Amino acid sequence: MVMTRTTPSTDEILQIEPAWKDEVHPDWIDVNGHMNIRHYVDLGGHSTDQVCRATGIDDDYRAERRMGVFTAEQHLTYLQEMQLGTPITVHVRTLERSAKVGHMVALIMDRRKDRLACIFETVLVHVNMDTRRGVEFPEDVAAAYDRLVEQDLALDWPAPTCGILGPRAR
């Protein structure tokens, strides 16, 4: 099967408030002179974690309610390299959820060139921290997540996904 994807424009991406801001640090540069792959994963992970915190899944939630999220799958698409000092913003779309699974995509922007550098797509499973098994989102967290999905649905451009990840795949 051949998948086609439309890459969103800078103006479209900037409709979403950044979940993370940073710049490429010297220790992020690899032997090829650009930002190493692991830092794209870190940026995607940090930014989607910020969105999870907005739904109530934070340190207190994990400690008191003994639940959290685990990453089940990720898909990264690199569109351009980033080099030392490049300013970065990461914009997250909250796409969908099932009773136990959430689906997000983080759009990592090179703000020096105002271009999309990387698409970080992730599937998160809500878990009981004691049993380490998937459990349903509690009503309050599910409602907060659903509000983010509703905000995302208001955008008039398709999220750039790989087409195979999401709650239905889990």
Point to revise | the range 121-163, residues that are out of contact with any Pro (no Cβ under 7 Å at 6 or more places or on another chain), assigned to a loop (DSSP other than H, G, I, E, B), hydrophobic (A, V, I, L, M, F, W, C) and surrounded by 13 or more Cβ atoms within 10 Å (Cβ to Cβ) | key: MET129, VAL135, PHE137, LEU155, ALA159, CYS162
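Every residue in the range 124-164 that is on the phi > 0 side of the Ramachandran plot and at pLDDT 95 or above, please. Reasoning before the result, please.
Narrowing the range 124-164 to residues on the phi > 0 side of the Ramachandran plot: 132, 163.
Answer for the range 124-164, where residues must be on the phi > 0 side of the Ramachandran plot and at pLDDT 95 or above: just ARG132.
Mind telling me which of the residues ALA99, ALA72 ends up being more than 15 Å from PRO160 (Cβ to Cβ), among the hydrophobic types (A, V, I, L, M, F, W, C) and in a loop (DSSP other than H, G, I, E, B)?
Details: ALA72 fails: in a loop (DSSP other than H, G, I, E, B).
Going through ALA99, ALA72 in turn, the sole match is ALA99.
Can you tell me which residues in the range 44-69 are polar (S, T, N, Q) and either in a helix (DSSP H, G or I) or within 26 Å of THR7 (Cβ to Cβ) (or both)?
Taking the range 44-69 first, the residues polar (S, T, N, Q) are 47-48, 50, 55.
SER47, THR48, GLN50 - these are the residues of the range 44-69 that are polar (S, T, N, Q) and either in a helix (DSSP H, G or I) or within 26 Å of THR7 (Cβ to Cβ) (or both).
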Revision key, fill the gap. Condition set in contact (Cβ under 8 Å) with a residue 40 or more places away in the chain and in contact with a His (Cβ under 8 Å, 6 or more places away or on another chain), scope the range 125-140, selection farthest from GLU12 (Cα to Cα): answer is VAL135
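Of all residues in the range 105-116 being free of Cβ contacts under 8 Å to residues at least 60 places away in the same chain and open to solvent by less than 10 Å² (accessible area, probe 1.4 Å), which is farthest from THR48 (Cα to Cα)?
Residues of the range 105-116 free of Cβ contacts under 8 Å to residues at least 60 places away in the same chain: 105, 110-113.
In the following step, the residues that additionally are open to solvent by less than 10 Å² (accessible area, probe 1.4 Å) were identified as 105, 110.
Working: VAL105: 8, ASP110: 18 Å.
Residue satisfying both the conditions and the ranking: ASP110.
The values are calculated or read from the model by the stated rules, or taken from the named source; none is laboratory data. As the structure is a prediction and not an experimental result, all values here were calculated from the model. FYI the Cβ positions are ideal-geometry reconstructions off the backbone, even for glycines, and counts take in every protein chain you see. Heads up: the accessible areas ignore ligands, DNA and RNA and are worked out on the full protein's heavy atoms, side chains in. Shrake-Rupley method; radii C 1.70, N 1.55, O 1.52, S 1.80 Å.
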